[in-house]
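Some notes on the structure that comes next.
The values are calculated or read from the model by the stated rules, or taken from the named source; none is laboratory data. A quick note: this is a predicted structure, and the numbers were derived from the prediction, not measured. Neighbour counts are summed over all protein chains in view; Cβ atoms, including those assigned to glycine, are modelled from backbone coordinates with ideal geometry.
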Amino acid sequence: MDSKKVSFGSIDEYIATFPEAIQKILEELRATIKAAAPDATEKISYQMPTFAQKGNLVHFAAFKHHIGLYGASGAIPAFKDELFMYAGEKGALKFPLDKPLPLALISKIITFRVAENLEKAEIKARKIN
């Protein structure tokens, strides 16, 4: 195995490294996140596709058997009844590749994360002023 670390300059570059079927799933996820957070910006952080709005909203990554969604730990208690089957360690969510992505649920998570980040930014701004 090559020990060189792969570095991505964009989400497009990241997605392009996967087989077509996985690319389709990643693009569905990306579109869902964009729709739920239209003001968010795309970037690569921790070598994963990341959406940010007043701080990072979520990161995602593809693995052999699942798509991981990271940074949504605050949403897990809020949606625990819907997320219990996807909850991984340390607040990660794991969506199996052999099942359709729960896009409506992901959209709710992203909307929740936007609200969290906006509230944190507002509190921070009040403290500064």
| said: So, restricting to helices (runs of 4 or more DSSP H) that lie completely within segment 1-95, which ones have at least 2 residues that are modelled with pLDDT of 90 or more and either under 23 Å from E119 (Cα atoms) or not β-branched (V, I, T) (or both)? | reply: 11-16, 20-36, 80-83
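Can you give me the number of residues within segment 70-129 that are of a type in the set (G, A, S) and surrounded by 17 or more Cβ atoms within 10 Å (Cβ to Cβ)?
Residues in segment 70-129 being of a type in the set (G, A, S) and surrounded by 17 or more Cβ atoms within 10 Å (Cβ to Cβ): 4 in total.
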| task | Give the residues of segment 7-28 that are polar (S, T, N, Q) and without any contact (Cβ under 8 Å) to a residue 12 or more places away in the chain, sorted by residue number. | result | T17, Q23
| remark: Within segment 97-126, restricting to residues that are assigned to a helix (DSSP H, G or I) and charged (D, E, K, R), the one that is farthest from D39 (Cα to Cα) is R126
